[in-house]
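Student: Structure incoming, see below.
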Amino acid sequence: MLTSPIGVFDSGIGGLTVAQAIHNALPREEIVYIGDTAHMPYGDKSPELIRHYAHDISQCLIKQFHCKALVIACNTASASAYELLRDSFKGILPVINVIDPMVEYVISRNDLHHVGIIATKATVSSGVYQEKISRRKKELNYSVLSTPLLAPMIEEGFYNNSISHAILHEYLSNEVLQGIDGLILACTHYPLIKPEISSFFDHKIPIIDSAEVVAAKLKHILEKEKLLNTAEGFPNHQFYITDYSDHFVRTAKLFYGEQINLQRLNLSNE
Ligand code: DGL
């Protein structure tokens, strides 16, 4: 149904940055968001386990919430589980990952010659950014660095303070990032520390996150598949997390940009 919601999920509340961009780009669409806080972080899990979690959440978004499109608002889950989800739900609903729209965007920018990519360990070791960039734009150089402390640090509420500054300084001074002319935030948690990252580089290079490009891609797909909601009125978004604490509620507000009602969700097969 055209009024059915868009399912969006992440390992935690970082994907709310994508949900927010979707809300801005498609204000009539209802969103059901699931943050798998019970299993966060995904970034140090095996691809098999990430696929298992991602498949369970997707089944829930389809069966319980009758979603008409699925957005994997997590680079780590996109890197490990996108093909599985796309093939499992082929002909049922479109599945959008965060990596392809980001790669399309980056290769379309002629001002970039050497990009840095920071991401979780699982995203880096999947090699997916490296493979997609070198296949599509050989002359674009890239340097990849795993920054595994960042997502848990942010999820724990450590940003814009001395701890986040020290950790960022240590990571971003790594010699592999020397000489980059743009930095891809290949983790949906990182937009929250974008100002701190930009200031490390003296605001001299673009710091690129995927939220808006993913929302634009989703809009394009919904238009193409004739799935846009044409009904009048304000959508009633639903936000769920698989493990609840007050701390998530506080941080979620920062990620989404406004107060949201986070509820606990039991995935039926647990
Ligand atoms: N937000 C997720 C991503 O985009 C990862 C965070 C995690 O390690 O769970 O990669």
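Every read-out reported here was derived from the displayed coordinates using simple, explicitly stated rules and does not represent laboratory data. Everything quoted here is computed from the prediction, not taken from an experiment. A quick note on method: Cβ atoms are made from the backbone with ideal geometry, for glycine too, and the neighbour counts reach across all protein chains shown.
Student: List 6, 208, 34 from most exposed to least, where exposure is judged by having the fewest other Cβ atoms within 10 Å.
Tutor: Numbers: 6 29, 208 20, 34 24.
Arranged by neighbour count, lowest to highest, 6, 208, 34 become 208, 34, 6.
Student: Turning to a different aspect of this structure: Using modelled backbone amide H atoms (1.01 Å from N, in-plane), which distant-in-sequence or interchain residues come within less than 5 Å of residue 237's amide H?
Tutor: For residue 237, whose amide H was placed from the backbone, the distant partners under 5 Å are 31.
Student: Return a whole-number percent for the relative contact order of the chain, with Cα pairs under 8 Å and 6 or more residues apart as the contact set.
Tutor: Averaging sequence separation for qualifying contacts and normalising by length gives 28 percent for the chain.
Student: Could you grab the relative contact order for segment 118-185? Cα pairs under 8 Å, six or more apart, rounded to a whole percent.
Tutor: Working: 41 pairs, mean separation 27.3, N = 68.
Relative contact order, segment 118-185: 40 percent.
Student: With labels modelled as points extended 7 Å from the Cα through the Cβ direction, what inter-label distance (nm, one decimal) is found for residue 48 paired with residue 160?
Tutor: Between residue 48 and residue 160, the label points sit 4.3 nm apart.
Student: Oh, and also: Once the Cα gyration tensor of the chain is found, what semi-axes does its equivalent ellipsoid get, as square roots of 5 times the eigenvalues, in whole Å, sorted largest first? Mind dumping the intermediate values first?
Tutor: Values: eigenvalues 161, 89, 62 Å².
They are 28, 21, 18 Å, listed largest first.
Student: Hey, what did segment 1-59 get for relative contact order, percent, Cα under 8 Å, at least 6 apart? Before the final figure, lay out the partial values.
Tutor: Numbers: 54 pairs, mean separation 23.6, N = 59.
That works out to 40 percent.
Student: Compute the distribution of all C-alpha to C-alpha distances in segment 1-74, in bins of 5 Å from 0, and list the percent of pairs in each, rounded to whole numbers.
Tutor: 3, 17, 28, 24, 16, 8, 3, 1
Student: Amide H neighbours of residue 144 under 5 Å, counting only residues 5+ apart in sequence or on other chains, H built in-plane at 1.01 Å?
Tutor: 117
Student: Between residue 247 and residue 204, what is 0.36 nm times their sequence separation minus the Cα-Cα distance? Round to one decimal in nm. Don't jump to the answer; show the numbers that get you there.
Tutor: Working: separation 43, 0.36 × 43 = 15.48 nm, distance 3.39 nm.
Value of the extension gain: 12.1 nm.
Student: I'd like the orientation of helix 16-25 relative to the chain: the angle between its Cα long axis and the longest Cα principal axis, in ° from 0 to 90, rounded to 10.
Tutor: Taking the Cα atoms of the chain, the angle to 16-25 is about 70 degrees.
Student: A further question on this structure: Taking N as the number of residues in segment 71-143, what value does Rg over Cα atoms divided by 2.2 N^0.38 Å take?
Tutor: On the way: Rg = 13.0 Å, N = 73, 2.2 N^0.38 = 11.2 Å.
So the Cα radius of gyration is 1.16 times the expected 2.2 N^0.38 Å.
Student: Shape call for segment 20-120 from the C-alpha gyration tensor, a ≥ b ≥ c root eigenvalues: rounded (a/c under 1.5), prolate (a/b greater than b/c) or oblate?
Tutor: Numbers: a/c = 1.81, a/b = 1.28, b/c = 1.42.
It is oblate, given that a/c is not under 1.5 and a/b is not larger than b/c.
Student: Along segment 196-212, what does the Karplus equation 6.51 cos²θ - 1.76 cosθ + 1.60 (θ = phi - 60°) give for ³J(HN,Hα), rounded to whole Hz, x for Gly and Pro?
Tutor: After applying 6.51 cos²θ - 1.76 cosθ + 1.60, I find 5, 5, 4, 5, 4, 8, 6, 6, 9, 10, x, 10, 10, 10, 8, 3, 6 Hz.
Student: Can you give the percent of C-alpha pairs in segment 188-270 whose distance is more than 14 Å? Working shown, then result.
Tutor: On the way: 2606 of 3403 pairs.
Taking all Cα-Cα pairs of segment 188-270, the fraction more than 14 Å apart is 77 percent.
Student: Holding the Cα-Cα limit at 18 Å, pick out from 45/137; 68/253; 68/224 the pairs that are longer than that.
Tutor: 45/137; 68/253
Student: Next up: By count of other Cβ within 10 Å, fewest leading, how are 232, 30 ordered?
Tutor: Numbers: 232 6, 30 21.
So the residues, fewest neighbours to most, are 232, 30.
Student: Right, here's the next one. With a 10 Å radius around each residue's Cβ, average the other Cβ atoms per peptide and rank 189-196, 80-87, 15-22, 246-253, highest first. Please list the in-between numbers first.
Tutor: Working: 189-196: 21.5, 80-87: 18.6, 15-22: 26.5, 246-253: 15.6.
Final packing ranking: 15-22, 189-196, 80-87, 246-253.
Student: Along the Cα-to-Cβ line of residue 220, 7 Å from the Cα, sits a label point; which residues in segment 11-40 have backbone N less than 19 Å from it?
Tutor: Residues 18-19, 21-27 fall inside that zone.
Student: Report the calculated FRET efficiency for residue 139 and residue 230 (r = Cβ-Cβ distance, R0 = 35 Å), to the nearest 0.05. Mind dumping the intermediate values first?
Tutor: Numbers: r = 43 Å, r/R0 = 1.23.
Using R0 = 35 Å, I get an efficiency of 0.20.
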